[in-house]
Amino acid sequence: MGNNKKKSKASSNGHRSRNGSRPSNSHVGRDHVATAALESLPRAQSRGRVERSSTGSPNHNLRTYEIPDFRLEHPQFSVRQLTDKDKTGHEHVRYEVTGDLDAPVPPIRDSKYLDRQQAIEIYRYMLLNRKMEIALENLYKQGKVVGGVYFGLGQEACSCASAYALDQDDWFAPMIRNQGSLLVRGFRASDTMMQYMAKADSPTRGRDGTSHFGDIEKRNMVSPISMLGDLIPVMSGVALGARLQGRNIAVMTYIGDGGQSTGVTYEGINFAAVQNLGLVLFVESNLWAYSTPSEMQYRCKDLAERAIGYGIPGVIVDGTDACQVYDAAHEAVERAYAGAGPTLIEAKMMRMKGHAIHDAASYVPKPMFEFWKKRDPLARFENYLVKDKKWLTAKENEALIAEIEEVIEAEREIAVNSPMPTPESAEGGVFCENGCHEIKPKYAVPKVKKGTSGYKETEAAVHLK
Ligand SMILES: Cc1ncc(C[n+]2csc(CCOP(=O)(O)OP(=O)(O)O)c2C)c(N)n1
Ligand SMILES: [Mg+2]
């Protein structure tokens, strides 16, 4: 990050528009474009639509695909890496953004499914999510946090509206940006606060300072796994387990634009695709992975396009629009219940803080923050509910905000007043001990086919030996 600029050299990573500048129905100039509405394609969203070659004869080798894109705007800008040399000859890397950063903020797209009460409820969770994270930042600054703090600023619509689409029997697995999803699933703000403070009453009783806890009893939550992508096969396995117990459930998890390139991500989605498991995968396309811009992470234009390779539906939504997020999640959940397999939902938005509290994100070009600040999911949804739909009066909105502030203050008190764990408690509850909890089928006793007693040695079995 050099200020003593001499000469700027663009890296070979090029200058490419990211964040989906192509209008949803513009297929001009693309060789492989294709077709499919989410609901109408139960398995794969690619269809071999026969194209005509330039001579007019049908080209049977050319497939076409389509990725539905529900956004009402397609931001047109890109980030490139430059290297500056300072007076002493030292090289400094910085990023530059170019493009249309003055575009007007689009409206919220009306939901096909949400009614007034549900929309307000999602807004309430988003408010809780935002205010909880402000409280967490203050707790950190007061020295009350053990370790770091992660934020989902700018991603509250993605976390809250997605989890809101799940039924009680469904499962979810959050990542670091999804503290809002936990609130929707019934965790309290004080749970997350106490967790960061490693308090005795925290979900892990002080054994973990961040978010590594789950709940297999009430809220059907698999603990976050820090190795990026590893939750995906685990969640596919949860869906498979439920199916063996006679149920098609939805299992929702999240992966970042950086994390989605890991090998295990591919394996997990592929397994869910082949087995038709109800995985609902949100790709949180927030333009950064640590300090690496998305331009330097992958070559395809939109990450939803990767769904084509898996043979599953992929859709794009504006991750700052709670209605779009909810609708896509709801349709994916319905597909899961129908046993129609996984869905990949790319939610485009921006990580509005650094990776965690230690990271000031000074490498992010300021105009990018300004562009996305105008697209703040909470402010946009508030405006939609109060001014566009008139589902909340200004007074009701004020009262709701005041109520949330009171709730967060009470939760903060609970968290601060919880004691630190006693040293001797550290020896228990780390490994599963006899009788610590019962592991039993959640939905029903798995149906197993009774095998015949005779085992036939087939060629495959011999080969496996
Ligand atoms: C397999 C693996 N590689 C690297 C890391 C270290 N790491 C943790 S978070 C992160 C960046 C993640 O970026 P992204 O997936 O875009 O998610 P975001 O932080 O933007 O939500 C990295 C590289 C990890 N946890 N796991
Ligand atoms: Mg990211």
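We did not get these values from a lab; they are worked out from the coordinates using the rules stated. It should be emphasised that the depicted structure is a prediction, and the values quoted were computed from it without experimental measurement. A quick note on method: Cβ atoms are made from the backbone with ideal geometry, for glycine too, and the neighbour counts reach across all protein chains shown.
In a DSSP loop and with at most 14 other Cβ atoms within 10 Å, the trypsin sites (Lys or Arg not before Pro) in the range 397-451 are 447, 449, 450. The residue list 222, 365, 292 was ranked by how far each Cα lies along the charge dipole of the range 112-426 toward its positive end, using unit charges on Cβ atoms, and 365 comes out on top. Residues 362, 181, arranged from fewest to most other Cβ atoms within 10 angstrom of their Cβ, appear as 362, 181. If you take all other residues with their beta carbon under 12 Å from the beta carbon of residue 416, and give Lys and Arg +1 and Asp and Glu -1, the sum is -1. Measuring between their Cα centroids, the range 257-292 and the range 362-409 lie 29 Å from each other. Sequence-ordered 3J(HN,Hα) estimates for the range 64-78 from the Karplus curve with 6.51, -1.76 and 1.60 and θ = phi - 60° stand at 10, 9, 9, 10, x, 10, 8, 5, 9, 8, 10, x, 10, 7, 9 Hz, glycine and proline given as x. Can you tally the net charge around residue 106? Count Lys and Arg as +1, Asp and Glu as -1, for every other residue whose Cβ sits under 10 Å from the Cβ of residue 106. Once positives and negatives cancel, what remains is +1. Pairs from the list 87/366; 301/353; 131/373; 131/390; 348/374; 144/366 with a Cα-Cα gap above 19 Å: 87/366; 301/353; 131/390; 144/366. Here the residues 284, 433, 96, ranked from fewest to most Cβ neighbours within 10 Å of their Cβ, fall in the order 433, 96, 284. The relative contact order of the range 112-426 comes to 23 percent, based on Cα pairs under 8 Å that sit 6 or more residues apart.
For the range 180-241, applying the loop criterion from DSSP together with a ceiling of 14 other beta carbons within 10 Å to the trypsin sites (Lys or Arg not before Pro) yields 218. Among 109, 299, 130, a tally of other beta-carbon atoms within 10 Å of each Cβ gives an order, fewest to most, of 299, 109, 130.
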